[in-house]
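Heads up, the thing below is written out as structure tokens.
The values are calculated or read from the model by the stated rules, or taken from the named source; none is laboratory data. Given the structure is predicted, the values throughout are model-derived calculations rather than measurements. So basically every Cβ, Gly included, is an ideal-geometry build from the backbone, and we count neighbours across all protein chains shown. Ligands, DNA and RNA are excluded from the accessible area calculation, which covers all protein heavy atoms including side chains. Shrake-Rupley method; radii C 1.70, N 1.55, O 1.52, S 1.80 Å.
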Amino acid sequence: IIFLKWFPYDKRNDAISSALNAECHFVSVFKKRTYWNAPIRYVVQFFKTIVLLAGKRPDVVIVTNPPIFAAGTVALYCVLSNSRYIIDSHSGAFGGKWKKFDAAHKILSRKALVNISTNTTFENIYRKWNARAMIISDLVFEMPKTNDIELGKYFNIVCICSFDMDEPIEEIILAAGE
């Protein structure tokens, strides 16, 4: 099993790979990821991914989505190599700039062995698409303390979240106003 992400590093991928005794690979190009270098970045990552998978020949590949192009690349490899894939989708995969790729996401998810999401909201989207789904909730990691932050003495709110569409941001702001 290989767990693949088109990003420099992600602790979640590392932790899940370790738990599954899988190899974890991060395919990344350019230090700065911008809208303008995305087309070149995705083409280079496509070829790097195909070369990596062809060399390793895994039976199963877990791929992080977004970007949907990573899942598409893995799906292509799996068709050509008679392998299987699992899509690990995060909140960004279901909205924002990736919403316009829902048709591709739906097709790829139906062909996936299973689709991992972090909550029931996204699991239900997969079920509506007639795709197999399961939840692996966000993991809690032991992370080293890097620095102290001095909070104001009257009122503070600290939110550990991604501020994506599935987060209760509106409720947090309303609560702060009370």
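Let me spell it out: the conditions are (1) open to solvent by less than 40 Å² (accessible area, probe 1.4 Å); (2) touching a residue at least 24 places away in the same chain (Cβ under 8 Å), and Phe101 meets all of them except one. Which number is the exception?
For Phe101, the exception is condition (1).
For the range 23-52: of the residues being among the β-branched types (Val, Ile, Thr) and surrounded by fewer than 17 Cβ atoms within 10 Å (Cβ to Cβ), which is modelled with the lowest pLDDT? Give the steps one after another, and end with the answer.
In the first step, residues of the range 23-52 are kept if they are among the β-branched types (Val, Ile, Thr); the result is 27, 29, 34, 40, 43-44, 49-51.
From what is left, the residues that are surrounded by fewer than 17 Cβ atoms within 10 Å (Cβ to Cβ) are 29, 34, 40, 43-44, 50-51.
Working: Val29: 93, Thr34: 84, Ile40: 95, Val43: 96, Val44: 97, Ile50: 98, Val51: 98.
Going through the qualifying residues, I end up with Thr34.
Could you go through the range 44-53 and let me know if any residue there is within 20 Å of Ile2 (Cα to Cα) and assigned to a strand (DSSP E or B).
Residues of the range 44-53 that are within 20 Å of Ile2 (Cα to Cα), as a first pass: 44-53.
Keeping just the survivors that are assigned to a strand (DSSP E or B) gives none.
No, that holds for no residue.
Can you pull out every residue in the range 1-17 that is among the hydrophobic types (A, V, I, L, M, F, W, C) and open to solvent by 60 Å² or more (accessible area, probe 1.4 Å)? Reasoning before the result, please.
As a first pass, look at the range 1-17 and keep what is among the hydrophobic types (A, V, I, L, M, F, W, C): 1-4, 6-7, 15-16.
Matches in the range 1-17: Ile1, Phe7.
Quick check: is even one residue across the range 66-88 closer than 24 Å to Lys111 by Cβ, in contact with a Cys (Cβ under 8 Å, 6 or more places away or on another chain) and without any contact (Cβ under 8 Å) to a residue 40 or more places away in the chain?
First, pick out the residues of the range 66-88 that are closer than 24 Å to Lys111 by Cβ: 66-88.
From what's left, in contact with a Cys (Cβ under 8 Å, 6 or more places away or on another chain): 84-85.
Right, trim to without any contact (Cβ under 8 Å) to a residue 40 or more places away in the chain and you get 84-85.
Yes, the range 66-88 contains a residue that is closer than 24 Å to Lys111 by Cβ, in contact with a Cys (Cβ under 8 Å, 6 or more places away or on another chain) and without any contact (Cβ under 8 Å) to a residue 40 or more places away in the chain.
Does Leu20 satisfy the criteria of being surrounded by 15 or more Cβ atoms within 10 Å (Cβ to Cβ) and touching a residue at least 12 places away in the same chain (Cβ under 8 Å)?
Values: surrounded by 15 or more Cβ atoms within 10 Å (Cβ to Cβ): no; touching a residue at least 12 places away in the same chain (Cβ under 8 Å): yes.
Judged against the criteria, Leu20 is not a match.
Residues Asn21, Asn65: which one is in contact with a Gly (Cβ under 9 Å, 6 or more places away or on another chain) and under 14 Å from Phe3 (Cβ atoms)?
Exactly one residue qualifies, and that residue is Asn65.
Keeping to the range 53-66, report how many residues are open to solvent by less than 50 Å² (accessible area, probe 1.4 Å), modelled with pLDDT of 95 or more and under 18 Å from Asn13 (Cβ atoms). Can you show your working first?
Within the range 53-66, the subset open to solvent by less than 50 Å² (accessible area, probe 1.4 Å) is 53-54, 58, 60-66.
The next check asks that each one be modelled with pLDDT of 95 or more; those that pass are 53-54, 58, 60-65.
Filter again for under 18 Å from Asn13 (Cβ atoms), leaving 53, 58, 60-65.
Residues meeting the conditions: 8.
Which pairs have Cβ atoms under 7 Å, sit 6 or more apart or on different chains, and link a residue in the range 110-132 that is closer than 12 Å to Ala71 by Cβ to one that is open to solvent by less than 30 Å² (accessible area, probe 1.4 Å) and of a type in the set (D, E, K, R)?
Close Cβ pairs satisfying both conditions: Ile116/Asp88.
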